[in-house]
1. In degrees between 0 and 90, to the nearest 10, how far off the longest principal axis of the chain does helix 56-65 point, with axes built from Cα atoms?
2. Taking the highest mean first, how do the peptides 227-238, 32-43 order by number of other beta carbon atoms within 10 angstrom per residue?
3. Residue 73's amide H: which non-local residues (gap 5+, or another chain) put their own amide H closer than 5 Å, with H modeled 1.01 Å from N in plane and none for Pro or chain starts?
4. Applying the Karplus parametrisation 6.51 cos²θ - 1.76 cosθ + 1.60 with θ = phi - 60° to the phi angles of the range 96-105, what ³J(HN,Hα) value in whole Hz is obtained for each residue in order, glycine and proline being reported as x?
5. Under 5 Å between amide hydrogens, which residues at least 5 positions from residue 153 or on another chain qualify, with H placed 1.01 Å from N in the peptide plane?
6. Which of the three applies to the range 117-210, rounded, prolate or oblate, going by the alpha-carbon gyration tensor with a ≥ b ≥ c and a/c under 1.5 meaning rounded?
7. Helix-only estimate, please: 222 nm mean residue ellipticity of the chain, summing -39500 (n - 2.57) across DSSP H runs of length 4 or more and dividing by its residues, to the nearest 500.
8. By a straight-distance test (C-alpha under 27 Å), which lysines pair with residue 145 as possible cross-link partners, with residues fewer than eight away in the same chain excluded?
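Throughout, read-outs are computed from the coordinates displayed, never taken from laboratory work. Treat the numbers as computed from the prediction; the structure is a model and nothing was measured. Note that each Cβ is placed from the backbone with ideal geometry, even for glycine, and that neighbours are counted across all protein chains shown.
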Amino acid sequence: MTVFSDQLEIIDQTPRIGSEIRTDLETLLRGSAAETIRATLERRGVIFFRGLTIGDEQQVAIARTLGNTVESEGEEGIYKISLDQGVNQRAQYLKGSMYWHFDGSLQPYPNLAAVLRAVKLSDTGGQTEFCNTYAAYEDLPQSDKDAIADLRVVHSAERSQYYVSPEMSFEEITFWQQSPTKVCPLVWTHRSGRKSLLAGATADYVVGLPVEKSRALLARLRDWATQPGYVYRHDWQPGDLLIWSNTGTMHRVLPYPEDSGRLMHRTILAGEEALT
Ligand code: OGA
Ligand code: MN
């Protein structure tokens, strides 16, 4: 579907998630389309702009027009995503981004959205996939909705590191356990009234369920939410500026070599809804 609104052309990439927005840099910087962009992000989960020449300052300026506080992550609102420890000291933690997750599951206010710009790409891999966790929740059979309505899940940094490093040493486990765990609902009821599924790599276990049942349920819901019909895979082109709704999607990056030089510049829009 192609929708024309004032200065924008919106081209849906799949039925349930992902749209390209065609516009010019002027319009983005002026902020005159910010409301439509925010609404499209909420509706489509992921949006991107292609073929514009955007620098760091412009990236942050565009983020500011979207009406939220820009988190002071990195330098002047730009945080470097790289698996090269020389570029980002937290490269080991970032390897967890290869597994389905949403950002800030351990924080009181998970980010509203993230803006990612492709500065340098890997020759192989490095596509980013997103799944629509609103749509996945909406389509669940009513029996599942009833069964999970009040469940709560413990999230931990340690848990997500097992994906990266299955045989962690005592020292490694102790290190990751320094980050406090957080209990989140399995179903997030948003201020809008919409509901989304909250799973992902930091989801460790469901409070009050036997461990096997708990792990099986979390895997079943992740499998459900990441079915092809809910997923958009972004094949990056240099300079792409992509924004994902962090409250209505999960994402993961497909594996790429640590020494590929892949570099993305990220700007975070602060969360507006507490997750408790
Ligand atoms: C992130 C993330 C994915 C990517 O920045 O939070 O998961 O494609 N990035 O680098
Ligand atoms: Mn992430």
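1. Tilt relative to the chain: about 80 degrees.
2. 32-43, 227-238
3. 268
4. Computed from phi, the couplings for the range 96-105 are x, 6, 7, 10, 3, 6, 10, 7, x, 5 Hz.
5. So residue 153 has HN proximity to 184, 186, 207.
6. Oblate.
7. Dividing the helical sum by the residues of the chain leaves -7500 deg cm²/dmol.
8. Output for residue 145: 182, 195, 213.
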